[in-house]
Amino acid sequence: MAADTSDDAQASRLDRTGSTETSILGPLQNSYALQTAAVGLIVTVIAFIVNTGIWAAILGIWGIALVLVGVAIHVAVTVSQRGTRG
């Protein structure tokens, strides 16, 4: 059996692996709400790293708030779009 080394097969394989639909980060790249939640997660992790003082508290509160707002907006938009998909 010969391996499929045609240019068309390799190009289609690259198209599938490089597209945002098959990527794990695809939804994150296309949604400002999920980007907000991701930034909130990063800020929360930074707060845990700082771990002492007023900045840890400020970063923790802002991080958790960003995560909650981002996820809530994403869920609201997703639910509101389900009715239009017919």
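The table below lists the values:
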read-out	value
Residues satisfying the stated conditions in the stretch 53-76, i.e. surrounded by 13 or more Cβ atoms within 10 Å (Cβ to Cβ) and β-branched (Val, Ile, Thr)	Ile58, Ile61, Ile64, Val67, Val69, Val71, Ile73
Any hit, the stretch 28-38, residues being of a type in the set (Val, Ile, Thr), surrounded by 11 or more Cβ atoms within 10 Å (Cβ to Cβ) and either within 16 Å of Val71 (Cβ to Cβ) or at pLDDT 80 or above (or both)	yes
Neighbours by Cβ (under 8 Å, 6+ apart or cross-chain): first from the stretch 54-68, closer than 26 Å to Tyr32 by Cβ and touching a residue at least 12 places away in the same chain (Cβ under 8 Å); second of a type in the set (Phe, Trp, Tyr) and in a helix (DSSP H, G or I)	Gly60/Phe48
Qualifying residues in the stretch 38-71 (those that are small (Gly, Ala, Ser) and either in contact with a Ser or Thr (Cβ under 8 Å, 6 or more places away or on another chain) or not in a helix (DSSP H, G or I) (or both)) - the one farthest from Gly26 (Cα to Cα)	Gly53
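The values are calculated or read from the model by the stated rules, or taken from the named source; none is laboratory data. Computed from a predicted structure; not experimentally measured. Please note: Cβ atoms are built from the backbone with ideal geometry, for glycine as well, and neighbour counts cover all protein chains shown.
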